[in-house]
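Encoded as structure tokens, the structure appears first; notes follow it.
The values are calculated or read from the model by the stated rules, or taken from the named source; none is laboratory data. The structure displayed is predicted, hence computed values, not measured ones. Positions of Cβ are backbone-derived with ideal geometry, glycine not excepted, and every protein chain shown enters the neighbour counts. The accessibility values were calculated without ligands, DNA or RNA, using every heavy atom of the protein model including side chains. Shrake-Rupley method; radii C 1.70, N 1.55, O 1.52, S 1.80 Å.
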Amino acid sequence: MLIDLRSDTVTRPTPGMKEAMFSAPVGDDVFGEDPTVNALEEKIANLFGMEAALFCPSGTMTNQIAIRLHTGPQREVICHQYSHIYLYEGGGIMANSLASVKLLTGDLGKITAAQVAESINPDDVHAPETTLVSLENTMNKGGGSIYTLEEIKPIHSLCKEKGIKLHLDGARLFNALVETGESPADWGAHFDTISICLSKGLGCPIGSVLLGSKVDIKRARKVRKVFGGGMRQAGFLAAAGIYALDHHVERLKEDHSRARTLGEMLSKLPVVSEIFPVSTNIVIARLEGTTPEEFMKKLAEQDIKSVKFGKDLVRFVTHLDFGDEHLEEFGRRIGKI
Ligand SMILES: *Cc1c(COP(=O)(O)O)cnc(C)c1O
């Protein structure tokens, strides 16, 4: 039995999800005529109390569309140095929007309003204009760390006061919400745009959604077209998203509890010097006396897959296809290395 912990993107659709997909009514979404895509967009916009939503093939696309909406040449986005938008989107901030980036540091991948305040450029001929702050929740590189709404509020107020847009890379926002008990609508009220991945913990084969105002989402639809993301009978995919919102949100807690146990198991290995605090479904282990390559090779010999996440770091992500039986088996196998 393969134990694949590289990412929560490795899941296969469940039988119930497949049934929902194959029975979905569809139409041409580029004409705005796919009833299932429209239903997903309306459902998720309502959930977050936001005006509109746009279904896209990937979270990279939803983030990059948002960056395009809120920046441009000679403009700047402020984000943490470990942000997905900066590290893992192929240099898209520059390639797609010709914008500049200001990178901040901060514990577990998080930044504060005070740091943002210091980083907003003055109205000066030498400086790019700060037009966007982008946050990530949960924070992948921070080990799935969580921002609470209380931490967001001062950043939101600051951005409002300065006329700066606030975007959330909420690829795993639902992982945070099931832990804090905060509502999607509370989050919707504090951001101009939010990107949500359906293909991570929620278990869909494809898909992300961008949330925003009617005006922004109308513009976003044009940007999606030029990025090549206008899809036709995409309702088959959107149906998976609707199914996931109905069936796969609360269960994220199970992934979190398995991640905590997995972290405890790993922490007992002599080569593991530290486990980042496990808040959600991501476990990052720091190694000592071995390299990620060597450690991952030993794991691979036991049919366990993980990813290198830094010069002495390895990441494990729990998900829908990692059950209690996999967790027990993981414990047995790492006992042998
Ligand atoms: C996965 C992920 C994305 C989007 O990735 P895609 O693979 O393009 O869907 C964006 N942000 C974070 C934090 C992610 O983990």
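Odds and ends about this structure:
- Computed 3J(HN,Hα) for the stretch 54-62, one whole-Hz value per residue from the Karplus formula 6.51 cos²θ - 1.76 cosθ + 1.60 where θ = phi - 60°, is 9, 7, 10, x, 8, x, 4, 5, 5, glycine and proline marked x.
- Cβ-Cβ distance of LEU269 and ARG6, R₀ of 25 Å, FRET efficiency by 1/(1 + (r/R0)^6): the value works out to about 0.85.
- Anchor LYS18: aspartates and glutamates whose Cα lies under 17 Å away (excluding residues fewer than 8 positions away in-chain): ASP246, ASP321
- Residue-wise HN-Hα coupling along the stretch 71-76, computed from phi with Karplus coefficients 6.51, -1.76, 1.60 (Hz; x: Gly, Pro): 10, x, x, 6, 10, 9
- Solvent exposure of the chain, expressed per residue, is 43 Å² of accessible area, with all protein chains present and a 1.4 angstrom probe.
- Mean ellipticity per residue at 222 nm, deg cm²/dmol - from DSSP H runs of n ≥ 4 across the chain, formula -39500 (n - 2.57): -12500 deg cm²/dmol
- Positive contributions from Lys and Arg (+1) and negative ones from Asp and Glu (-1), summed over other residues with Cβ under 10 Å from the Cβ of ASP321, come out at -1.
- The calculated FRET efficiency for GLU288 paired with GLU150, based on their beta-carbon distance and R0 = 45 Å, is about 0.80.
- Shape of the stretch 251-334, Cα gyration tensor, a/c cut at 1.5: prolate
- For the stretch 90-156 versus the stretch 1-66, the inter-centroid distance based on Cα atoms is 27 Å.
- Probe 1.4 Å - accessible area at MET265, Å² to nearest ten: 50
- Most to least accessible of GLU293, GLU89, GLU150 (protein chains only, probe 1.4 Å): GLU150, GLU293, GLU89
- Order of exposure, largest accessible area first, which applies to LEU103, LEU299, LEU237 with probe 1.4 Å: LEU103, LEU237, LEU299
- Residue of HIS247, HIS190, HIS167 that the Gaussian network model of the chain assigns the largest fluctuation, springs spanning Cα pairs under 10 Å: HIS247
- Surface calculation, 1.4 Å probe, protein heavy atoms: ASP124 sits at approximately 70 Å² accessible.
- Protein-only accessible surface order, largest first, of ILE242, ILE85 at 1.4 Å: ILE242, ILE85
- Between GLN302 and GLN81, the simple label model (points 7 Å from Cα in the Cβ direction) yields a spacing of 3.3 nm.
- Dipole moment magnitude, nearest 20 debye, the stretch 251-334 about Cα centre, only Lys, Arg, Asp, Glu C-beta charged: 200
- Point-charge dipole on Cβ atoms (K/R +1, D/E -1) for the chain, about Cα centre, debye to 20: 620
- Listed residues THR62, THR138, THR11, most fluctuating in the chain (Gaussian network, C-alpha, under 10 Å): THR11
- Lysines with Cα under 19 Å of LYS253, excluding same-chain neighbours fewer than 8 positions away: LYS200
- If R0 is 35 Å, the Cβ-Cβ spacing of GLU250 and ASP107 corresponds to a FRET efficiency of close to 0.75.
- Relative to its residue count, the chain spans a Cα convex hull of 130 Å³ per residue.
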